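Asks: Sharing a structure, written as C-alpha cells. Questions coming.
Bear in mind these aren't lab numbers, they're just calculated from the coordinates by the rules spelled out. These numbers come from a predicted model, not from an experiment. In this analysis, Cβ positions are derived from the backbone assuming ideal geometry, glycine residues included, and neighbour counts consider all displayed protein chains.
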Amino acid sequence: MAKNAFRQGLISIKEIDKEAIECILTKSGKFKERLPGALLKGKILASLFFESSTRTRLSFESAMKRLGGECIGLAGKEESSLSKGESLSDTIRVVSGYADLIVIRHPMEGSAKTAEQASRVPVINAGDGANEHPTQTLLDLFTIQESQNRLEGLNILIAGDLKHSRTIHSLVIALRHFNPCLFFVSPKGLEIPDAPLHYLREAKVPFSFYSSLEEILPQVDILYMTRIQKERFSQPSEYERTKNAFHLTNASLVQAKSNLRILHPLPRINEIASEVDESPYAYYFPQAENGVFVRAALMDTIFNGIT
Ligand code: CP
C-alpha cells in the first residue's frame with residue numbers, strides 16, 4: 001500500500017493504512033530537521049478554501065513555498081464564481097487545468113470526494129463540513145508521537161464537540177492502528193457519532209465515556225480538546241447551551257501525569273484558559289507549527305513518492 005499511497009491525494013483517513021501513515025510521519029520528522037528547498041520546484045498548489053481557515057491554508061501554502069513551489073488560491077465562496085452559481089465540479093474541472101495539486105475546504109460533507117471526481121490532478125481534503133480533516137490527523141499523530149516518544153498504547157482523552165468535529169472523526173479512525181485506550185467527554189447531544197466508533201470496535205480498541213474531564217484526566221497521556229463548533233449548529237440555542245461546557249485551567253491539571261500533553265486543533269475559544277499556555281502540559285502551539293512539516297511531507301509524497 002505505502003508505495004502508491006497518496007498518489008491521488010488524500011480524501012479520507014480511511015483510505016490509508018498504518019504503513020502509509022508511518023511513512024508520512026517519518027518524512028515529517030526529517031523535514032522538521034531540515035526542509036529541502038527545491039523538491040517541488042515548478043509545482044503549483046491551488047488552495048481553495050470555501051470555509052474560513054488560518055492554520056490549514058497558510059501551513060499548506062508555507063510548505064509548498066518552502067519546498068520551492070508556488071501557490072494560487074481562493075479564500076471564500078464570494079471570491080470565486082461559485083457565488084454566480086457555478087457548480088463545484090465545474091470549478092474544480094477548470095482549476096485542475098491551472099495547478100498540479102488542489103487543496104480544498106468546503107462546508108459540504110462529501111465535497112472533497114466530488115472535487116476528486118472532477119479533477120485531473122490530486123486533491124487533498126482540508127475539511128469537508130463535519131465529516132473529515134485527514135491532514136489534521138496526520139499532524140496530530142506526528143505531534144502525539146513527538147510529545148510522548150511513541151504512538152502505541154497511549155491513554156487518550158478526547159473532549160469537546162465530538163459530534164461536529166471533523167478533526168475528531170478522522171483522528172479516532174486513524175488511532176485504531178496504534179492500540180490506544182480512548183476516553184470521550186462531550187456535552188449531552190454532542191456525543192461522537194457511531195461511524196468512527198465502528199472502526200474502533202472492528203479493531204478491538206477499548207473506549208469509554210465520562211461525564212467530566214476531572215474523572216479521568218489523572219490517567220491519561222494525551223488530552224485532546226476541541227471547541228464547540230458554532231458554525232455547525234442549526235439551533236443557536238443549542239450552541240448557547242453548550243458553548244461553555246469546558247474551561248480547562250491550571251487547577252484542573254493538579255493531578256495530571258507529568259507526561260500529559262494537551263493538544264487542540266485550534267482555534268480555541270474559551271475551553272482552555274490562557275494560563276494553561278505556560279504550563280508544561282500545553283502542546284497546541286507546537287502542534288499547529290507541525291502542520292508545515294507534515295503537509296510538506298504529504299505533498300512531497302504525492303509528487304515524489306515514499307522516499
Ligand atoms: N486546525 C484547523 O483546521 O485550523 P484552521 O481552521 O485555522 O485551518
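Asks: At 0.36 nm per residue, and after removing the present C-alpha to C-alpha distance, how many nm does the segment from S211 to E278 gain when stretched out fully? If you can, show how the numbers build up before the last one.
Replies: Details: separation 67, 0.36 × 67 = 24.12 nm, distance 2.68 nm.
Length gained between S211 and E278: 21.4 nm.
Asks: While we're on this one: log10 I(q)/I(0), Debye, Cα-only the stretch 62-118, no solvent, q = 0.18, 0.21, 0.27 Å⁻¹?
Replies: Normalising to I(0) and taking log10 leaves -0.67, -0.88, -1.26.
Asks: Now for a separate question. Around L223, what is the net charge, scoring Lys/Arg as +1 and Asp/Glu as -1 over all other residues with Cβ under 12 Å from its Cβ?
Replies: Details: positive: K257, R261; negative: E214, D221, E271.
With Lys, Arg at +1 and Asp, Glu at -1, the neighbours total -1.
Asks: Which residues' amide hydrogens lie under 5 Å from the amide hydrogen of I72, considering only partners 5 or more residues apart or on another chain, with H built in the peptide plane?
Replies: Here L45, A46, S47 satisfy the definition.
Asks: Another question about this same structure. Give me S81, S111 sorted ascending by neighbouring Cβ count inside 10 Å, so fewest comes first. Walk me through the numbers on the way to the answer.
Replies: Working: S81 13, S111 22.
Result, fewest neighbours first: S81, S111.
Asks: Using the 10 angstrom Cβ neighbour count as an exposure proxy, how do E78, E61 rank, fewest first?
Replies: Details: E78 9, E61 20.
By the 10 Å Cβ count, ascending: E78, E61.
Asks: Can you pull the Kirkwood radius for the stretch 32-92, inverse mean 1/r over Cα pairs, to one decimal in Å? Write down the numbers at each step before the final one.
Replies: Values: mean 1/r = 0.0780 Å⁻¹.
When all Cα pairs of the stretch 32-92 are included, the Kirkwood radius is 12.8 Å.
Asks: I would also like to ask the following. Tell me, what does the Kirkwood hydrodynamic radius of the stretch 162-229 come to in angstroms if you use every pair of distinct C-alpha atoms?
Replies: Details: mean 1/r = 0.0806 Å⁻¹.
Mean inverse Cα-Cα distance, inverted, gives 12.4 Å.
Asks: A further question follows. Test of understanding: extend the Cα→C-beta vector of N304 to 7 Å, then name every residue of the stretch 95-125 with backbone N under 20 Å from that spot.
Replies: 100-103, 122-124
Asks: Ok, one more. Most fluctuating residue of Q255, Q136, Q229 in a GNM of the chain with Cα springs under 10 Å: which is it?
Replies: Checking each option, the largest mean-square fluctuation is seen for Q255.
Asks: A follow-up question, please. Could you tell me how many degrees, from 0 to 90 and to the nearest 10, lie between the Cα long axis of helix 55-66 and the main elongation axis, the longest principal axis, of the Cα atoms of the chain?
Replies: Tilt of helix 55-66: around 50 degrees.
Asks: Then there's this: With Cβ to Cβ distances under 13 Å as the rule, what net charge do the other residues near S170 carry (K, R +1; D, E -1)?
Replies: Values: positive: K14, R166, R176; negative: E15, E109, D128, E132, D140.
Here the count lands on -2.
Asks: Using packing as a proxy for protection, rank 31-43, 162-174, 63-75 so that the peptide with the highest average count of other Cβ atoms within 10 Å comes first. Display every interim value, and only then the final one.
Replies: On the way: 31-43: 14.3, 162-174: 24.5, 63-75: 18.7.
Per-residue Cβ counts within 10 Å, averaged per peptide and sorted highest first, yield 162-174, 63-75, 31-43.
Asks: Given all pairs of different Cα atoms, what value in angstroms does the Kirkwood hydrodynamic radius of the stretch 15-65 take?
Replies: Working: mean 1/r = 0.0768 Å⁻¹.
Averaging 1/r across every pair of different Cα atoms and inverting gives 13.0 Å.
Asks: Helix 18-33 sits at what angle to the longest principal axis of the chain, using alpha carbons and giving 0 to 90 degrees rounded to 10?
Replies: That works out to roughly 80 degrees.
Asks: In whole Å, what are the extents of the stretch 3-127 along the principal axes defined by its C-alpha atoms, from largest to smallest?
Replies: Between the extreme Cα coordinates on each principal axis of the stretch 3-127 lie 45, 29, 25 Å.
Asks: Let me check I've understood the local charge: for A297, count other residues with C-beta under 13 angstrom from its C-beta, Lys and Arg +1, Asp and Glu -1. What total comes out?
Replies: Numbers: positive: K27, K30, K32, R34, R66, R295; negative: E22, E33, D300.
Neighbourhood net charge equals +3.
Asks: For K84, list the lysines whose Cα falls under 25 Å from its own Cα; do not include residues on the same chain fewer than 8 positions away.
Replies: K113
Asks: Return one number: the angle in degrees, 0 to 90 and rounded to the nearest 10, between the long axis of the Cα atoms of helix 134-148 and the longest principal axis of the Cα atoms of the chain.
Replies: Around 50 degrees separate the two axes.
Asks: Then there's this: What is the order of I269, I104, I216, fewest Cβ neighbours within 10 Å to most? Write out the running numbers ahead of the final one.
Replies: Values: I269 12, I104 29, I216 19.
The most exposed by this proxy come first: I269, I216, I104.
Asks: I've got another one for you. What whole-number volume per residue, in cubic angstrom, does the convex hull of the C-alpha atoms of the stretch 134-288 give?
Replies: Values: hull volume 16.0 nm³, N = 155.
With only Cα atoms used, the stretch 134-288 gives 103 Å³ per residue.
Asks: Sort all Cα-Cα distances of the chain into consecutive 20 angstrom bins from zero, then give the percent of pairs in each bin up to the one containing the longest distance.
Replies: Calculated over all Cα pairs of the chain, the distribution is 34, 58, 8 percent.
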